[in-house]
């Protein structure tokens with residue numbers, strides 16, 4: 001059973017009320033727990049591993065992004081909070097992180113510390129993937145420059161909703177590469193599992209992929225406030241692509257991803273549904 005906020009038997013998604021049973025049938029079943037033991041995912045199992053000559057990870061608040069900070073182990077993953085993209089992008093940004101387009105100084109304690117309760121919370125969000133890529137630059141490697149953090153950068157949007165200007169309501173979800181986690185993280189195995197699953201399903205490259213049809217997913221992960229690298233102008237969108245300009249919130253890292261069952265599959269049909277026998 002998926003975790004729904006509170007103890008009600010109903011959940012709201014895109015302005016429509018669904019029963020918990022219906023929600024369960026919309027998504028392919030997966031295990032909540034990371035695989036352990038001899039069958040556990042290893043970094044070498046992930047397709048992109050062999051394509052990246054060096055995997056160095058990121059710099060800005062990297063310990064917080066990957067669960068290497070002191071507060072990660074105390075975050076309760078057993079009861080993720082059901083929310084929406086719209087609700088997340090309208091959360092107030094912590095004052096101690098300053099404006100969404102301002103970055104922290106190198107000695108700021110929040111580089112390795114969680115800013116508020118949002119960054120100490122596991123969320124579960126039903127969304128649609130519209131764009132994705134691996135943040136890695138092979139050209140930089142050839143020039144002995146940092147190639148990027150190797151995250152899977154995923155743009156998600158609120159299903160069926162637009163903002164006041166008629167644009168998609170979007171935010172970013174990120175899946176680190178396990179080799180970019182140089183220290184200890186309680187989420188290392190979960191990150192490896194979801195990275196493999198995403199790459200096998202979506203085949204990301206080092207350039208953005210824009211699927212012909214949005215990919216319906218249920219994402220579970222940790223709230224995180226990043227920064228708007230470039231504000232939107234009349235000539236170009238904000239960067240990074242899909243960023244929530246209001247507060248720069250992300251799901252970072254993603255710890256679980258469930259893909260909607262294809263239309264017509266048995267998993268997408270109501271409970272008790274039986275195929276009609278063919279007439280001979």
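The values are calculated or read from the model by the stated rules, or taken from the named source; none is laboratory data. What you are looking at is a predicted structure, and each value in this text was computed from that prediction instead of being measured. Cβ sites come from the backbone with ideal geometry, for glycine too, and all protein chains shown count toward neighbours.
Being in contact (Cβ under 8 Å) with a residue 60 or more places away in the chain, buried (at least 21 other Cβ atoms within 10 Å of the Cβ), more than 30 Å from residue 70 (Cα to Cα) and within 15 Å of the chain's Cα centre (by Cα) is a property that residue 119 lacks.
Count, please, the residues in segment 79-101 that happen to be out of contact with any strand residue (DSSP E or B) (no Cβ under 7 Å at 6 or more places or on another chain) and more than 20 Å from residue 242 (Cβ to Cβ). It would help to see each step written out before you state the result.
Of segment 79-101, the ones out of contact with any strand residue (DSSP E or B) (no Cβ under 7 Å at 6 or more places or on another chain) are 79, 87, 90, 92, 95-96, 98-101.
Checking which are more than 20 Å from residue 242 (Cβ to Cβ) leaves us with 79, 92, 95-96, 98.
So the count comes out to 5.
Only one of the numbered conditions (1) at pLDDT below 95; (2) in contact with a strand residue (DSSP E or B) (Cβ under 6 Å, 6 or more places away or on another chain); (3) over 17 Å from residue 132 (Cα atoms) is violated by residue 231, and that is (2). Within segment 77-95, is even one residue under 25 Å from residue 157 (Cα atoms), surrounded by 18 or more Cβ atoms within 10 Å (Cβ to Cβ) and in contact with a helix residue (DSSP H, G or I) (Cβ under 6 Å, 6 or more places away or on another chain)? The answer is no, given that none of the residues of segment 77-95 is under 25 Å from residue 157 (Cα atoms), surrounded by 18 or more Cβ atoms within 10 Å (Cβ to Cβ) and in contact with a helix residue (DSSP H, G or I) (Cβ under 6 Å, 6 or more places away or on another chain). The set of residues from segment 241-280 being part of a loop (DSSP other than H, G, I, E, B), over 22 Å from residue 199 (Cα atoms) and modelled with pLDDT of 90 or more comprises 244, 245, 246, 247, 248.
Restricting 154, 222, 181, 215 to residues that are touching a helix residue (DSSP H, G or I) at 6+ places or on another chain (Cβ under 6 Å) and in contact (Cβ under 8 Å) with a residue 60 or more places away in the chain narrows the list to 181.
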